[in-house]
Amino acid sequence: MSSIAIALTQLARVRDPRSRAALAIGVTDICVAKPLTNRIEPLANDILLSLANKVEESVRIQMASRLADCDWAPRGIVRYLAFDAPSVAASVIARSQVLDADDLIELAEKGSRAHRVMIAERHHIGIAVTDAVADRSEIDVLEALSANATARMSTGTLEKCMDAAEQAPGISTNLLDRDDLPAALVERLTDEISAAVRTQVEAHFGLSHGALDDVGTRTAARETSHDEDKDARELVSRMSTAGELNGTVAVRAIAEGKIVLFDHAIADLCGVSADQWRTAVGISSVRATALACRAARIDKNLFPAVLRGMQRAGRVQPDLPPDAMVSAATVFQKYTPGSAYDALRRLAPSD
C-alpha cells in the first residue's frame, strides 16, 4: 500500500467530531486537487462515504460544493451526496458531470420533490430525465422544467406542463419563450392563455379589471377609434419602460383577438410606428407579418399562430397561395432580426 493510502486509512480512524470534519474536507480536497490513481480512488471513496455518515450536514454541504465541479470525483460519494438532504444535494445535482442520466432518473423516482425541482433546473438534461422528473405532474417541478431552456422535453411532458399552466400561469409564459415547442402544440398554448395571466398584467400595470379585454378587440375591417389606439399605445409604452414587453406579449395579444394591442406591441418591438406597421401589412400582409415576427425575435414555431390571428382579424386573406408561405419561410431562414427590421422599414417607409 502506498504512503498516501496508509495516511488516508490512519486518518479515517479519527473520532473527534472537529477532527473528523477537518479530515472529511481534507480528503475531499485531495480528491479534487488532481485525479487519483485507480488503486487510490476506491479507497478515498470508501473513506469519504464513511466520513459522510458521521459528519454534520454543514460539512457534507462543503464536501458537495467542492466535489460538484470535479469531473474525476469518486462516483460513489457524489451519488451519496446527490441522494442526501436537498441542502447537501443542491450543488452536485446542479453541476456534477459525474452524475449520468441513469443517476438522475433514479433520483427523480426515489428522491424528494425538492430533489426533482433541482433536477428540473439542471442544464442540458435529456428527454428520459425530464420524463422521469415530470412523471408525478408536480406544479413546482413543471414550472422549473418549463423555465429550463436547455432541457429537452417530449411532447407528453410538454402537455403536462400545459395542463399545469392553469394553476401556475407562469408556465404558459415559459413555454412561449421556448424554441422547441412543437407546432402542433402552439395553437393549444396560445388558445389556453388563462385569465390569471391577464389579471397579473393588469395588477402589475395598475389597470382596472378587464382593461386588457377592452383593448384591441376590433378588426381592421372597422375603423380603429382614437381611444383604442391611445389605450393600447399607453399600455405598450408602460410595458416597454418596465422591461416587460417581448414577443410573448404580442403573440398573446393576437391569439386573444386584441388586434390593436398587437399592432402597437409588434410595432414597438420592431422599432416602427403602428401606422408604418399597418401600411406594411396593407402592402404585403404575409411578408410583413413574417418580417415583423423575425425582427421582434418571435420564434418561427409561433408564426402560424400569429398568422391565424391575423386571418381572424381580417388582415390576411383566409386562403393563401403556396408562394406566400414559401416567402414567409424564407424570411426565417435568411433574415436576421436586424435585416428583417430593415426590410420592414423599406416596405413601409416613414413619412
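None of the figures in this text is laboratory data; all of them are computed from the coordinates on show. Computed from a predicted model, the values in this text were never measured in an experiment. Using ideal geometry, Cβ is built from the backbone for each residue, glycine included, and neighbour counts are taken over all protein chains shown.
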Can you figure out the FRET efficiency of Lys34 with Arg238, using R₀ = 56 Å and their beta-carbon distance, to the nearest 0.05? 0.50
Gained length - Asp71 relative to Lys334, 0.36 nm times residue gap less alpha-carbon distance: 90.7 nm
Could you sort out which of Lys160/Lys334; Lys34/Lys110; Lys110/Lys160 sit more than 27 Å apart by Cα distance in this structure? Lys160/Lys334; Lys34/Lys110
Highest first, please rank the peptides 30-39, 81-90 by the mean number of other Cβ atoms sitting within 10 Å of their residues. 81-90, 30-39
